[in-house]
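Read the structure below first, then the notes.
The values are calculated or read from the model by the stated rules, or taken from the named source; none is laboratory data. Model, not experiment: these values are computed from the prediction. Every residue, glycine as well, gets a Cβ built from its backbone with ideal geometry; the counts of neighbours run over all protein chains shown. Please note that ligands, DNA and RNA were not included when accessible areas were found on the heavy atoms of the full protein model with its side chains. Shrake-Rupley method; radii C 1.70, N 1.55, O 1.52, S 1.80 Å.
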Amino acid sequence: MKFVPLALAGAWRIEPEPRCDDRGSFARAWCDDEFRRAGLNAKFVQANAGLSHRAGTLRGLHYQRAPYGEVKLVRCTRGEVFDVLVDLRTDSPTFGQWHAEVLSPENGVALYIPEGFAHGYQTLTDNADIYYQTSHVYVPAAATGVAWDDEDLAIAWPREVVSISAADQSWPSLAELRSTASVR
């Protein structure tokens with residue numbers, strides 16, 4: 001695996017290094033030793049899989065409040081998604097900044113999203129599957145989010161949003177979160 005640091009401190013793009021032959025290819029998707037050598041939290045306790053039927057579906061931007069913050073390792077296993085992470089760490093020089101990557105089985109890229117970040121994605125194809133591991137179990141009372149269409153974040157979503165949950169439409173802006181001390 002190749003670990004590529006992103007502009008947002010602590011976030012990484014992880015690229016597979018497939019071994020190819022006439023049968024196809026084989027690559028590691030995760031390796032505890034390699035993650036530890038890169039200085040990354042490698043302890044994952046839960047894995048989640050999501051299917052979105054329609055291109056343009058938006059999920060996010062989600063995170064869990066402390067002390068239940070989680071690291072995520074995210075990849076797309078079918079279709080294609082526009083995956084977004086937002087730095088919510090108020091003590092970070094990149095607070096309020098976002099980064100996005102297109103994830104697909106073809107590129108095999110995974111994103112390592114540190115604790116203190118919000119995460120979301122928009123499907124670029126019908127029937128897109130996403131798979132991610134987390135460093136903390138899901139705690140419903142700690143689950144929250146930030147507005148996907150926050151004008152201050154100005155995320156350049158690539159498609160019209162055709163499907164989004166009521167909860168994801170109701171998250172507060174980053175400025176509102178900051179005023180209530182809901183971000184760390």
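The combined condition, being open to solvent by 10 Å² or more (accessible area, probe 1.4 Å) and in contact with a strand residue (DSSP E or B) (Cβ under 7 Å, 6 or more places away or on another chain), is not fulfilled by Thr123. Being surrounded by fewer than 17 Cβ atoms within 10 Å (Cβ to Cβ) and either in contact with a Phe, Trp or Tyr (Cβ under 6 Å, 6 or more places away or on another chain) or among the hydrophobic types (A, V, I, L, M, F, W, C) (or both) is the filter here; which residues of the range 96-110 pass it? Answer for the range 96-110, where residues must be surrounded by fewer than 17 Cβ atoms within 10 Å (Cβ to Cβ) and either in contact with a Phe, Trp or Tyr (Cβ under 6 Å, 6 or more places away or on another chain) or among the hydrophobic types (A, V, I, L, M, F, W, C) (or both): just Val102.
Filtering the range 150-166 to residues that are open to solvent by less than 50 Å² (accessible area, probe 1.4 Å), among the aliphatic types (A, V, I, L, M) and over 15 Å from Gly96 (Cα atoms) leaves Val161, Ile164. Take the residues in the range 36-51 that are in contact (Cβ under 8 Å) with a residue 24 or more places away in the chain and outside any strand (DSSP E or B), then tell me which one is most open to solvent (accessible area, probe 1.4 Å). The qualifying residue most open to solvent (accessible area, probe 1.4 Å) is Lys43. Among the criteria (1) under 15 Å from His62 (Cβ atoms); (2) buried (at least 20 other Cβ atoms within 10 Å of the Cβ); (3) over 10 Å from the mean Cα position of the chain (by Cα), the one Pro114 does not fulfil is (3). Tallying residues that are in a loop (DSSP other than H, G, I, E, B) and either among the hydroxyl-bearing types (Ser, Thr, Tyr) or over 18 Å from Ala49 (Cα atoms) (or both) within the range 118-163 yields 20.
Considering only residues of the range 60-86 that are part of a strand (DSSP E or B) and touching a Pro at 6+ places or on another chain (Cβ under 8 Å), which is surrounded by the most Cβ atoms within 10 Å (Cβ to Cβ)? Among them, the one singled out is Cys76. Taking the range 10-28 on its own, how many of its residues are open to solvent by 50 Å² or more (accessible area, probe 1.4 Å), assigned to a loop (DSSP other than H, G, I, E, B), within 22 Å of Pro114 (Cα to Cα) and in contact with a strand residue (DSSP E or B) (Cβ under 9 Å, 6 or more places away or on another chain)? So the answer is 0.
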